[in-house]
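Chemist: Here you go, one structure.
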Amino acid sequence: MGKQLIQQKRGKGSITYRVPSHRYYGALKHRNYDEAEKTGVTQGKITDFVKCPGHSAPLARVSYGTEQILVPAPQLVKVGDEVRSGAGAPAAIGNTLPLKNIPEGTLIYNIELQPGDGGKLARTAGTFARIVTKIGDKILIELPSKKQKQFMGDCRATIGVIAGTGKQEKPYLKAGKKWHAMKAKNRMYPRTSGVAMNALQHPFGCGRGRHVGRPKTVSRNAPPGRKVGLIGARRTGRKR
């Protein structure tokens with residue numbers, strides 16, 4: 001009997017593949033999507049900066065009265081700075097506004113996919129997205145991957161660039177440092193290439209050199225033991 005693939009073992013949920021979430025400080029999200037967010041403005045204050053092992057960027061703890069939230073810290077802010085959130089907030093660094101109220105060309109991060117979900121996109125250290133243009137009630141945004149995507153105007157985002165730029169430029173130097181960094185985010189390290197395995201351990205393994213020997217594209221309905229490579233790919237190869 002062959003060896004289980006990483007995808008199969010991760011789905012089982014053993015301790016090897018379990019996230020150490022008890023060490024995390026909390027979820028990153030905008031403040032509650034209440035009536036003050038939709039029509040007015042709420043003033044908050046940055047009370048502290050936090051280094052969470054589950055996030056690459058430094059986190060800012062923001063106090064909106066009795067409500068405390070964690071957000072990725074933007075550049076050029078410090079403890080004690082005031083930030084604002086809501087439709088009536090000015091377009092300044094650290095403020096959170098609906099996309100329809102942010103001028104074109106502004107750099108933003110922590111973008112919501114749906115109004116009120118707290119933010120899902122552009123949250124890594126040093127990253128940002130850019131508002132390209134407004135098309136009717138839709139907002140066209142260029143994401144950090146350079147892909148352009150349309151969002152609803154009521155989706156919120158924070159203005160600025162996330163702190164931690166240049167984090168990826170520093171080498172790890174030691175394999176142990178890399179292992180601990182990956183373990184903090186529940187990422188497997190080191191990972192063995194599928195073509196380097198035996199045939200009974202991986203669909204791409206054959207034992208006759210590092211060659212796949214079959215198409216890398218696989219159906220989205222393939223069973224877990226075969227679902228490797230380019231799953232449900234619409235196209236392959238370099239885009240020309």
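Chemist: Assess whether Y25 counts as being touching a helix residue (DSSP H, G or I) at 6+ places or on another chain (Cβ under 8 Å) and of a type outside the set (S, T, N, Q).
Modeler: On the way: touching a helix residue (DSSP H, G or I) at 6+ places or on another chain (Cβ under 8 Å): no; of a type outside the set (S, T, N, Q): yes.
No, not satisfied.
Chemist: Working only within the range 202-240, note down all residues that are over 24 Å from I15 (Cα atoms), surrounded by 12 or more Cβ atoms within 10 Å (Cβ to Cβ) and under 24 Å from the mean Cα position of the chain (by Cα).
Modeler: Answer for the range 202-240, where residues must be over 24 Å from I15 (Cα atoms), surrounded by 12 or more Cβ atoms within 10 Å (Cβ to Cβ) and under 24 Å from the mean Cα position of the chain (by Cα): G229, L230, I231, A233.
Chemist: What tally of residues in the range 143-201 results from selecting those that are of a type in the set (D, E) and either surrounded by 14 or more Cβ atoms within 10 Å (Cβ to Cβ) or touching a strand residue (DSSP E or B) at 6+ places or on another chain (Cβ under 9 Å) (or both)?
Modeler: Of all residues in the range 143-201, those of a type in the set (D, E) come to 154, 169.
Right, trim to either surrounded by 14 or more Cβ atoms within 10 Å (Cβ to Cβ) or touching a strand residue (DSSP E or B) at 6+ places or on another chain (Cβ under 9 Å) (or both) and you get 154.
Adding up the residues that qualify gives 1.
Chemist: Could you count how many residues in the range 111-127 are farther than 23 Å from K38 by Cα and either assigned to a strand (DSSP E or B) or modelled with pLDDT of 95 or more (or both)?
Modeler: 0
Chemist: Got at least one residue in the range 25-43 being in contact with a Pro (Cβ under 7 Å, 6 or more places away or on another chain), without any contact (Cβ under 8 Å) to a residue 40 or more places away in the chain and not in a helix (DSSP H, G or I)?
Modeler: The initial filter retains those residues of the range 25-43 that are in contact with a Pro (Cβ under 7 Å, 6 or more places away or on another chain), namely 28, 33.
Narrowing further to those that are without any contact (Cβ under 8 Å) to a residue 40 or more places away in the chain: none.
No, the range 25-43 contains no residue that is in contact with a Pro (Cβ under 7 Å, 6 or more places away or on another chain), without any contact (Cβ under 8 Å) to a residue 40 or more places away in the chain and not in a helix (DSSP H, G or I).
Chemist: Condition check: touching a Lys or Arg at 6+ places or on another chain (Cβ under 9 Å) and either within 23 Å of R130 (Cα to Cα) or part of a strand (DSSP E or B) (or both). Does A57 satisfy that? Before you say what the answer is, go through the steps one by one.
Modeler: Numbers: touching a Lys or Arg at 6+ places or on another chain (Cβ under 9 Å): yes; either within 23 Å of R130 (Cα to Cα) or part of a strand (DSSP E or B) (or both): yes.
Considered against the rule, which asks whether it is touching a Lys or Arg at 6+ places or on another chain (Cβ under 9 Å) and either within 23 Å of R130 (Cα to Cα) or part of a strand (DSSP E or B) (or both), A57 comes out as yes.
Chemist: Which is farther than 30 Å from E35 by Cα, among the hydrophobic types (A, V, I, L, M, F, W, C), modelled with pLDDT under 95 and touching a Cys at 6+ places or on another chain (Cβ under 9 Å), of A199, A181? It would help to see each step written out before you state the result.
Modeler: Numbers: A181 fails: touching a Cys at 6+ places or on another chain (Cβ under 9 Å).
Being farther than 30 Å from E35 by Cα, among the hydrophobic types (A, V, I, L, M, F, W, C), modelled with pLDDT under 95 and touching a Cys at 6+ places or on another chain (Cβ under 9 Å) holds for just one of A199, A181, which is A199.
Chemist: Kindly indicate whether any position in the range 88-105 is assigned to a loop (DSSP other than H, G, I, E, B), within 30 Å of S14 (Cα to Cα) and in contact (Cβ under 8 Å) with a residue 24 or more places away in the chain. Steps first, answer last, please.
Modeler: Here is the first cut: in the range 88-105, the residues assigned to a loop (DSSP other than H, G, I, E, B) are 88-95, 102-105.
Now drop any that are not within 30 Å of S14 (Cα to Cα), which leaves none.
No; the residues of the range 88-105 include none that is assigned to a loop (DSSP other than H, G, I, E, B), within 30 Å of S14 (Cα to Cα) and in contact (Cβ under 8 Å) with a residue 24 or more places away in the chain.
The values are calculated or read from the model by the stated rules, or taken from the named source; none is laboratory data. Values in this document were obtained by computation on a predicted structure and should not be read as measured data. Positions of Cβ are backbone-derived with ideal geometry, glycine not excepted, and every protein chain shown enters the neighbour counts.
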